[in-house]
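Student: One structure is given below, represented as structure tokens, and several questions about it will come after.
The values are calculated or read from the model by the stated rules, or taken from the named source; none is laboratory data. Fair warning: this is a prediction, and the values are worked out from it, not measured in the lab. For neighbour counting, all protein chains shown are included, and Cβ atoms are generated from backbone atoms with ideal geometry for every residue, glycine included. These area figures cover heavy atoms from the full protein model, side chains too; ligands, DNA and RNA do not enter into them. Shrake-Rupley method; radii C 1.70, N 1.55, O 1.52, S 1.80 Å.
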Amino acid sequence: MVRLDKINKYYRVGAHSLHVLRDVDLEIEPGEMVSIMGASGSGKSTLLNVLGILDGYERGEYWLDGTLMRDLNERKAAHYRNKFLGFVFQSFNLLPFKTAAENVALPLYYQKVPRRKRNRIAMQYLERVGLLDWAEHLPSEMSGGQKQRVAIARALIGKPRLILADEPTGALDSETSHQIMDLLTEIHQTGITMIVVTHEHDVAARTQRVIHLKDGRVEADP
Amino acid sequence: MSLDRWLEILSTLGRNRLRTFLTMLSVAWGILMLVVLQGAGQGLSHGTQEQFKDDAVNSIWMFAGRTTIPYGGYPVGRRLTFDNGDYDALRDAPGVEHLTGRYGIRGGGFFGGEVIVRRGDKSSSFDVRSVHPDHLYLEKTIMVAGRFLNQRDLDGHRKVAVIGMPVRDFLFGPGADPMGQWIEVNGVAFQVVGVFTDEGGEGELRKVYLPITTAQRAFGGNDRINMLMFTVGDADVAESQALADQAIALMAEHHDFAPADKQAVRVRNNVEAFDRFNKIFKIIELFVWVIGLGTIVAGIVGVSNIMMIAVKERTKEIGVRKALGATPSSIITMIVEEAVFLTAIAGYVGLVAGVAILQLVAAVLPANDFFSDPTVDLGLAIKATVILIVAGALAGYFPARAAARVNPIVALRDQ
Ligand SMILES: Nc1ncnc2c1ncn2[C@@H]1O[C@H](COP(=O)(O)OP(=O)(O)OP(=O)(O)O)[C@@H](O)[C@H]1O
Ligand SMILES: [Mg+2]
């Protein structure tokens with residue numbers, strides 16, 4: 001599903017350049033559920049952004065489902081994000097002025113699905129994350145756990161092959177974290193490949209494989 | 001554009017109502033200014049055009065004056081009078097299209113000038129003009145019944161008259177048929193053969209036209225003519241000037257005065273006057289457009305600025321949309337559509353308000369010689385619409401580009 005071949009990435013900070021990813025090699029099979037751990041600043045989010053084609057890289061090769069992701073124009077990148085990937089963020093990133101249902105439906109708007117159909121499908125996904133009754137509520141009226149469920153429903157609606165979650169439980173208490181991980185695991189069991197960045201060991205423990213990052217290098221990949 | 005997109009735009013604009021309102025106000029004001037200024041310019045132009053409507057604008061009028069240059073042994077200050085010989089000479093001259101003389105009849109009454117027109121026990125004073133048949137073209141006389149004077153009237157010194165509608169109404173009663181009836185002009189009987197109207201207004205209608213030859217004979221005019229008028233076809237200013245000079249030369253020969261004597265024959269060249277008038281109004285029109293467009297440009301800059309701030313505020317939203325698969329073009333379309341929508345609605349409000357103001361002015365202010373009919377024509381409405389859409393697109397362009405450049409990682413990182 002995902003193959004990274006000696007990926008190197010730099011950030012330009014003023015006149016300096018910061019080497020954030022160093023020769024990262026990584027292979028993730030279809031249907032795997034992997035977690036990425038590491039100290040703050042070790043490059044976890046950067047790696048996830050590269051995987052999500054939200055950011056580029058300087059050297060190496062990134063193959064997504066057999067296609068080389070390199071020098072994509074914005075339109076192509078948007079297409080892959082829309083059709084292939086689903087994102088779950090620590091801070092949810094819901095649009096505050098849209099209802100739960102509208103937020104969930106948004107990826108379908110960019111697939112040019114008609115409004116009525118879009119809303120119907122959004123309802124199905126809200127039901128799946130147990131929030132059907134909250135469809136018409138704004139994010140500000142929901143708890144953190146509920147918001148993350150909405151975000152997960154939104155990530156799922158485009159029928160992605162790969163879900164990228166950056167600290168999806170980082171803003172939640174342990175009880176809620178647990179429920180979110182239950183939901184993600186359940187989704188993984190439907191066959192979707194999943195990569196979860198986390199600080200928490202019990203979150204990592206629920207994945208099939210843990211990748212440790214240290215100073216931009218993959219440390220232990222058993 | 002689908003309903004979907006409309007709802008999307010409305011929901012965004014509805015989020016910051018005050019800002020949306022202020023933006024729209026600036027655009028509405030710009031269009032309102034353009035429409036009102038434009039309408040005022042048109043009103044000014046119409047008002048003055050009204051004055052030209054009455055007579056043929058491609059005409060040259062000539063009046064006899066006094067000599068100021070000694071010539072051919074005559075002293076300076078000699079008073080000239082046109083006569084039928086002048087008419088004949090001009091008639092045969094090239095470039096002269098329609099030609100008429102005018103011989104005014106002076107009343108014999110106590111106050112001198114007025115001419116009494118009588119029918120039975122009804123009488124009043126009207127302006128009586130004796131003219132050639134071509135006078136119809138020079139004065140743009142419009143016949144409503146019967147006919148105008150013709151050459152046979154002149155050749156036969158017939159006692160026929162053509163009267164204006166108010167003259168008919170007064171003498172015969174409103175709408176009555178005066179054809180073949182007799183009226184008395186200064187005591188001489190004339191038979192009515194036609195009724196006319198004229199766009200020049202009441203003053204041009206309270207008139208009676210007689211054949212010039214009949215009048216010259218009946219009222220002791222001999223072969224005198226007070227004034228000569230002719231049209232010059234579609235001659236331009238220079239050509240009309242040349243025709244006027246040619247006419248003066250003919251008269252100089254006939255009356256023995258210096259052709260260079262500007263006072264001997266006074267000329268009113270309507271081609272030139274109309275041209276000058278047109279140039280002035282072209283300049284006024286241009287001025288109006290410059291000011292109006294300036295106001296609109298200010299509106300565009302305002303919209304653009306406000307949209308720019310909006311894009312900054314919406315960085316995060318745009319980042320999220322991009323992460324969910326929004327293409328740069330869909331982001332650009334979104335912002336430009338918002339801007340076009342804003343300007344179009346606001347501009348339309350301004351357009352309607354401007355038209356309303358003009359209508360009000362038109363209703364309150366009676367038409368006069370300087371200002372009339374300040375309405376907005378369809379052409380302006382179309383121009384304004386095009387300007388609005390272009391303005392909206394322009395206003396949206398830079399903010400949209402800024403939005404499309406939003407980097408989703410940066411946008412998603414700031415909490
Ligand atoms: N846009 C950027 N410009 C410059 N430097 C950056 C940028 N983004 C990240 N960095 C730097 O790159 C390094 C890796 O950052 P990254 O966000 O990937 O770390 P992380 O492992 O996700 O940390 P955390 O656990 O705190 O989220 C850090 O030193 C960070 O300061
Ligand atoms: Mg991080």
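Student: If you take the residues in region A:97-111 that are in a loop (DSSP other than H, G, I, E, B), at the interface with chain B (Cβ under 9 Å from one of its Cβ atoms) and at pLDDT 90 or above, which one is least open to solvent (accessible area, probe 1.4 Å)? Step through it out loud before you land on a result.
Tutor: The initial filter retains those residues of region A:97-111 that are in a loop (DSSP other than H, G, I, E, B), namely A:97-99, A:110-111.
Now drop any that are not at the interface with chain B (Cβ under 9 Å from one of its Cβ atoms), which leaves A:97-98, A:110-111.
Cutting the leftovers down to at pLDDT 90 or above gives us A:98, A:110-111.
On the way: A:98: 13, A:110: 31, A:111: 56 Å².
Among them, the one singled out is A:98.
Student: Here's something else I'd like to know. I'm checking my understanding of the structure. Among residues of region B:82-126 that are open to solvent by 70 Å² or more (accessible area, probe 1.4 Å) and modelled with pLDDT of 85 or more, which one is farthest from residue B:229 (Cα to Cα)?
Tutor: Only one residue tops the list, namely B:121.
Student: Residues in region A:112-125: is at least one within 12 Å of chain B (Cβ to nearest Cβ) and either aliphatic (A, V, I, L, M) or closer than 19 Å to residue A:194 by Cα (or both)? First the steps, then the outcome.
Tutor: Going through region A:112-125, the residues within 12 Å of chain B (Cβ to nearest Cβ) turn out to be A:112-119.
Applying the additional criterion that residues be either aliphatic (A, V, I, L, M) or closer than 19 Å to residue A:194 by Cα (or both) yields A:113.
Among the residues of region A:112-125, at least one is within 12 Å of chain B (Cβ to nearest Cβ) and either aliphatic (A, V, I, L, M) or closer than 19 Å to residue A:194 by Cα (or both), which makes the answer yes.
Student: A further question on this structure: Identify the residue in region A:41-63 that is within 14 Å of another protein chain (Cβ to nearest Cβ) and over 17 Å from the mean Cα position of the chain (by Cα) and, among all such residues, is farthest from ligand 2 (Cβ to nearest atom).
Tutor: Looking at residues that are within 14 Å of another protein chain (Cβ to nearest Cβ) and over 17 Å from the mean Cα position of the chain (by Cα), I get A:57.
Student: Kindly indicate the residue of region A:54-84 that is in a loop (DSSP other than H, G, I, E, B) and more than 13 Å from residue A:7 (Cα to Cα) and also nearest to ligand 1 (Cβ to nearest atom) among those meeting that condition.
Tutor: A:54
Student: Go through the residues of region A:14-23 one by one and say whether even a single one is modelled with pLDDT under 95 and not in a strand (DSSP E or B).
Tutor: Scanning region A:14-23 turns up at least one residue that is modelled with pLDDT under 95 and not in a strand (DSSP E or B).
Student: For region A:42-75, which positions are more than 25 Å from residue B:318 (Cβ to Cβ), in contact (Cβ under 8 Å) with a residue 12 or more places away in the chain and among the hydrophobic types (A, V, I, L, M, F, W, C)?
Tutor: Hit for region A:42-75 is A:63, nothing else.
Student: Can you tell me which residues in region B:289-301 are of a type in the set (Val, Ile, Thr) and surrounded by fewer than 22 Cβ atoms within 10 Å (Cβ to Cβ)?
Tutor: Once the filter is applied, which keeps residues that are of a type in the set (Val, Ile, Thr) and surrounded by fewer than 22 Cβ atoms within 10 Å (Cβ to Cβ), region B:289-301 yields B:290, B:291, B:295, B:297, B:301.
Student: Show me the strands (runs of 3 or more DSSP E) entirely contained within region A:126-222 in which 1 or more residues are within 14 Å of chain B (Cβ to nearest Cβ) and within 16 Å of ligand 1 (Cβ to nearest atom).
Tutor: Once the strands (runs of 3 or more DSSP E) in region A:126-222 are filtered for at least 1 residues that are within 14 Å of chain B (Cβ to nearest Cβ) and within 16 Å of ligand 1 (Cβ to nearest atom), what remains is A:162-166, A:193-197.
So that you can scan it fast, the table gives a plain yes or no per residue for (1) more than 16 Å from ligand 2 (Cβ to nearest atom); (2) closer than 30 Å to residue A:120 by Cβ; (3) touching a Lys or Arg at 6+ places or on another chain (Cβ under 7 Å):
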| position | (1), (2), (3) |
| --- | --- |
| A:159 | yes, yes, no |
| A:163 | yes, yes, no |
| A:181 | yes, yes, yes |
| A:186 | yes, yes, no |
| A:194 | yes, yes, no |
| A:204 | no, no, no |
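Student: If I filter region A:13-34 for residues that are within 14 Å of chain B (Cβ to nearest Cβ), more than 9 Å from ligand 1 (Cβ to nearest atom) and more than 12 Å from residue A:213 (Cα to Cα), do I get at least one hit?
Tutor: No, there is no match, as no residue in region A:13-34 is within 14 Å of chain B (Cβ to nearest Cβ), more than 9 Å from ligand 1 (Cβ to nearest atom) and more than 12 Å from residue A:213 (Cα to Cα).
Student: Anything in region B:253-270 that is within 13 Å of residue B:78 (Cα to Cα) and surrounded by fewer than 21 Cβ atoms within 10 Å (Cβ to Cβ)? List them, or say none.
Tutor: B:256, B:258, B:261, B:263
Student: Further, regarding this structure: Quick check on residue B:320: is it over 34 Å from the mean Cα position of the chain (by Cα) and modelled with pLDDT of 90 or more?
Tutor: yes
Student: Filter region B:359-382 down to the residues that are crowded, with 17+ Cβ neighbours inside 10 Å and either aromatic (Phe, Trp, Tyr) or at pLDDT 85 or above (or both) and list them by number.
Tutor: If the condition is that a residue be crowded, with 17+ Cβ neighbours inside 10 Å and either aromatic (Phe, Trp, Tyr) or at pLDDT 85 or above (or both), then B:371 is the only one that fits.
Student: Also, I was wondering about something else. Hey, can you tell me all the residues within region A:35-52 that are among the small types (Gly, Ala, Ser) and within 9 Å of ligand 1 (Cβ to nearest atom)?
Tutor: Hits for region A:35-52 are A:38, A:39, A:40, A:41, A:42, A:43, A:45.
Student: Given the conditions (1) surrounded by fewer than 24 Cβ atoms within 10 Å (Cβ to Cβ); (2) under 25 Å from residue A:50 (Cβ atoms); (3) more than 9 Å from chain B (Cβ to nearest Cβ), and given that residue A:79 satisfies all but one, which numbered condition is not satisfied?
Tutor: Condition not satisfied by residue A:79: (3).
Student: Could you go through region A:15-26 and let me know if any residue there is among the basic types (Lys, Arg) and within 10 Å of ligand 2 (Cβ to nearest atom).
Tutor: no
Student: Filter region B:302-349 down to residues that are polar (S, T, N, Q) and away from chain A (no Cβ under 14 Å) and give me whichever is most open to solvent (accessible area, probe 1.4 Å).
Tutor: B:305
Student: Within region B:293-300, does at least one residue satisfy the condition of being part of a helix (DSSP H, G or I), within 14 Å of chain A (Cβ to nearest Cβ) and in contact (Cβ under 8 Å) with a residue 24 or more places away in the chain? Full working, then the answer.
Tutor: So the first thing to find is which residues in region B:293-300 are part of a helix (DSSP H, G or I), and the list is B:293-300.
This time we only want the ones that are within 14 Å of chain A (Cβ to nearest Cβ), so: none.
Among the residues of region B:293-300, not one is part of a helix (DSSP H, G or I), within 14 Å of chain A (Cβ to nearest Cβ) and in contact (Cβ under 8 Å) with a residue 24 or more places away in the chain, which makes the answer no.
Student: Quick check on this structure: which one of B:282, B:312 is in a helix (DSSP H, G or I) and farther than 25 Å from residue B:40 by Cβ?
Tutor: Details: B:282 fails: farther than 25 Å from residue B:40 by Cβ.
Selected residue: B:312, the only one of B:282, B:312 that is in a helix (DSSP H, G or I) and farther than 25 Å from residue B:40 by Cβ.
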